[in-house]
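Right, one structure below, let's go through it.
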Amino acid sequence: MASHEPLDWKKISEKIHKHAPLVVPPAKLSETAKPDHGATLRAETGRLTHIDAEASRQIVSRFARPVQVVNGEADYNSTDPIVATSRGHLSVAPLEPTAGDLASLNLNAIGHYGVHLYLHGLLHLPLSVARELARHRGHLYLDAIRTITDAVAVELGRHRGGGLSLNNLRHLSAAAARSLAQHEGELSLDRITSLNPRHAIELSQHASSLYLGRLAGLSSLSAAALAQHRGTLFLNGLTDLSGPVARHLARHAGPLHLHAISMLCEEAAEALSSRRGYLCLKGVSQLPPTQAKWLCLHRGPLFLGGLFAINDAAAGWLGTHVGSLEIRVSDHITHDQLMKLSQHKGPLTLKGLETLSVEQARIVAAQKGFAGLTLNDLKHLSPAAAGILASHTGGGLWLDGLTNLSEELARQLVKHPLLSLNGVESVSDPVAHILSTHTDGTLSLRGLRAVSAEGFRQLCGHPDIELPTPSNRTIVAKRR
């Protein structure tokens, strides 16, 4: 694919209105420090405070990255500075032929690479500028904009190919809410602090992830309206959840995030027990047995990653929950509590465990079913405990918190058929040889960064070992 010209910031600056852009002093680098091209690129776009339509058009054109088929595979220029330094994603939706000087390439494009475009210094958004920026195919960050007109909202609602972030927007008209709800990607309005029923009805028509992270309160009527929303709903500013509001939100069909709720009232816990689907209560720090009894009736993924401690009765109730369960425990959890949680028949994630004794390993290894066990906070594991964990037959075993593998530890863990060690970045030749003997399943080493040429050859020769994709070029052979 043809290389792309660097962004001509001088030309862009000439198109900026008479207002002076925010000046970002260049960072002083040490002689050994490597330049952060991603940060530089983000700073260049982020410092723009006022632009006109022509400058917007040039920016969008320079950030357009078509994807074509080369030798039967999707191809884009991974050495292009914008692609290499901006997070993004591949999409099968082609770029519009109107995307500036890349129009000829777009004619043969099968899709595009959605690049994140940060314009979080932009203070004003005229209609003509909004119309041009809406052509960008990738995430669009406009996090300094405080107000928008209804006409601007219409244009932004037409933006495709990525999310839209308006995290400094303080107020919305009902018409603007209706237009933004037409946006097909994630929509972030994390500065909106209140929502009346009319606005909630309009926003509920949005079909993707909706972020309302500063919403301090929610009336029963507004909750009833938001319950009709079809995508992932983030209400991470709510610190209090009444029974009536919980009853409405329990009917929401998509994943529901309530991260700021630290304690549930009895009525809210009972209401959430009827929910079917993903429920994240990662801020709940205490869970009395009476509330655990209600929450265990919830069906679907349940996340309780903020608990300080649980007692035996609460652990017993949670062990009967149906669906995946993520719960925070401590290294001081009793064997009885650990045994009750391990009775859980769905995917089980135990956060907070940094070490695992032989007896604790014996308890969790007895997990039934085939749902899987995740212990990604585990930092230290003895070979004896590893040998017992390797006998786990309850599905996959995720140990992505381990960063170092001794030969003895590898020799024990490699016995598990479905094993994830994505936190391991470097292995010696003897460890690589041991891992290459893995059989009857899958071994994931997607975090591997350094291995000798011989070790890499042994690992590559195993069809069931998952390594970083070649296009990422993350594995660097260590010199002997």
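What follows is calculated from the coordinates using simple rules that are stated; it is not laboratory data. Just so it is clear, the structure is predicted and the values come from calculations on it, not from any experiment. A quick note on method: Cβ atoms are made from the backbone with ideal geometry, for glycine too, and the neighbour counts reach across all protein chains shown.
Annotations
- Around the amide H of Ser209, modelled in the peptide plane, lie the amide H atoms of Glu186, Leu187, Thr232, all under 5 Å away and 5 or more residues distant in sequence or on another chain.
- Calculated over the range 146-261, the projected area of the Cα convex hull averaged across directions stands at 5.9 nm².
- Pairwise centroid distance, computed over Cα atoms, of the range 191-218 with the range 282-331, Å: 28 Å
- Distance cut-off 11 Å, percentage of C-alpha pairs in the range 39-78 lying past it: 73 percent
- Dipole in debye (nearest 20) - the chain, about Cα centre, beta carbon charges: Lys, Arg +1; Asp, Glu -1: 580 debye
- Answer label, with mean projected area of the Cα convex hull in nm² calculated from the coordinates and candidates [x] 31.1; [y] 40.2; [z] 25.3: [z]
- The amide H of Thr374, built 1.01 Å from its N in the peptide plane, has Leu348, Thr349, Leu350, Trp398 as neighbours under 5 Å, considering only residues 5 or more places off or on other chains.
- From phi via Karplus (6.51, -1.76, 1.60), per-residue ³J(HN,Hα) for the range 379-396 in Hz, x at Gly/Pro: 9, 10, 8, 7, x, 5, 5, 5, x, 6, 4, 5, 7, 4, 10, x, x, x
- Coupling constants for the range 355-365 follow from the phi torsions by the Karplus curve (6.51 cos²θ - 1.76 cosθ + 1.60, θ = phi - 60°), and in residue order they are 10, 9, 6, 4, 5, 5, 4, 5, 5, 6, 5 Hz; glycine and proline get x.
- From most to least packed by mean Cβ count within 10 Å, the peptides 123-131, 223-231 give 223-231, 123-131.
- Estimated [θ] at 222 nm from DSSP helical runs (n ≥ 4, -39500 (n - 2.57)) normalised by residues in the chain, nearest 500: -7500 deg cm²/dmol
- By DSSP, the beta bridges lying fully in the chain are antiparallel in about 20 percent of cases.
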